[in-house]
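Remarks on the structure that follows.
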Amino acid sequence: MTIEEYLARVERAKRIVFFGGAGVSTESGIPDFRSVDGLYNQKYDAPPEVILSADYFYSHTDKFYRFYFDKMIYRAARPNAAHKKLAQWDRDGKLLAVVTQNIDGLHQAAGSKTVFELHGTVHGNHCLRCGKRYSLDEVCKHAPAVPKCDCGGVIKPDVVLYGEGLPDVAVNGAVESIASADMLIVGGTSLSVYPAAGFINFFRGDKDNLIVINKTRIDGFGNQLNGKLGELL
């Protein structure tokens with residue numbers, strides 16, 4: 001697919017849904033989990049998949065939070081060109097929704113209004129004992145120790161850990177939006193994480209309007225642009 005063909009399709013589209021993964025935020029300085037230099041290729045006492053599991057959170061809460069504060073929180077990150085372009089489409093009335101696997105909140109920071117966070121967010125936190133809500137700033141004051149509520153309960157981030165189900169609101173919103181879209185742009189994801197990657201199967205539009213923008217080519221998809229997501233968007 002050429003840039004000219006892509007631009008022509010975007011121009012005609014009226015209900016764009018963007019489905020994004022970790023590669024959306026790499027240009028903001030947040031590492032891609034599964035790239036060559038990503039989080040999953042670094043060494044820790046336990047594999048990241050284990051540390052970021054619900055079982056590990058409840059059984060080794062202190063170790064979980066040391067890893068979480070060190071490797072999952074990027075408070076200095078700011079929206080990049082990709083986030084800003086999507087927010088512009090939102091303002092122009094062309095963007096129906098963003099469906100994201102990211103937990104960083106950068107789409108909202110850029111100005112996108114309808115964002116379905118399939119894997120939750122670091123910006124929401126709650127006490128496991130009383131349910132009181134806490135902001136990211138409040139939780140980070142405890143770093144690297146386990147954050148505790150005023151009631152003494154452990155605070156848990158609203159991030160979907162391995163072994164937990166995806167949030168119903170995000171799932172339902174993502175499915176309805178993708179099914180209603182006339183263009184689905186998939187960006188910054190290897191489409192290897194399920195069940196999230198399976199959401200693209202709900203797209204009912206013209207197959208030529210399913211476009212993949214990724215650093216490397218993904219087998220099985222016809223219309224692709226390969227390179228830096230921010231530049232290509």
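Details
- Principal semi-axes of the equivalent ellipsoid, √(5λ) from the alpha carbon gyration tensor of region 98-218, are 33, 14, 13 Å from largest down.
- Calculated P(r) of region 84-152 - Cα pairs past 17 Å, %: 53
- In degrees, nearest ten, helix 81-92 long axis to first principal axis of the chain (Cα): 70
- Per-residue [θ]222 nm for the chain (sum of -39500 (n - 2.57) over DSSP H runs n ≥ 4, rounded to 500): -8000 deg cm²/dmol
- Take the Cα of Glu5, go 7 Å toward its beta carbon, and the backbone nitrogen atoms of region 178-218 under 14 Å from that spot belong to 207-213.
- The H on the amide N of Val159, modeled in the peptide plane, is under 5 Å from the matching H of Thr121, each at least 5 residues off or on a different chain.
- Orientation-averaged projected area, Cα convex hull of the chain (nm²): 12.4
- If R0 is taken as 25 Å, the Cβ-Cβ distance between Arg217 and Tyr74 corresponds to a FRET efficiency of 0.35.
- Exceedance of the 20 Å cut-off in Cα-Cα distance is limited, within the set Lys14/Lys207; Lys14/Lys113; Lys71/Lys132; Lys84/Lys207; Lys94/Lys215; Lys63/Lys132, to Lys71/Lys132; Lys84/Lys207; Lys94/Lys215; Lys63/Lys132.
- Karplus-derived 3J(HN,Hα) values for region 108-113, using 6.51 cos²θ - 1.76 cosθ + 1.60 with θ = phi - 60°, are 5, 4, 7, x, 5, 8 Hz; glycine and proline are entered as x.
- For region 179-233, a Kirkwood radius taken over Cα pairs fed into Stokes-Einstein (20 °C, viscosity 1.002 mPa s) yields D = 184 µm²/s.
- Sulfur and carbon atoms: percent of accessible area, region 64-175 [1.4 Å]: 51
- For region 21-172: relative contact order, % (alpha-carbon pairs under 8 angstrom, 6 or more apart): 22
- Put simply, the amide H of Val99, placed in the peptide plane, has neighbours under 5 Å in Phe18, Phe19, Gly20, Phe116, leaving out anything fewer than 5 places away on its chain.
The values are calculated or read from the model by the stated rules, or taken from the named source; none is laboratory data. Treat the numbers as computed from the prediction; the structure is a model and nothing was measured. As a convention, Cβ positions derive from the backbone with ideal geometry for all residues, glycine included, and neighbour counts pool all protein chains shown. For the accessible areas, the whole protein counts, side chains as well, though only heavy atoms, and no ligand, DNA or RNA atoms are used. Shrake-Rupley method; radii C 1.70, N 1.55, O 1.52, S 1.80 Å.
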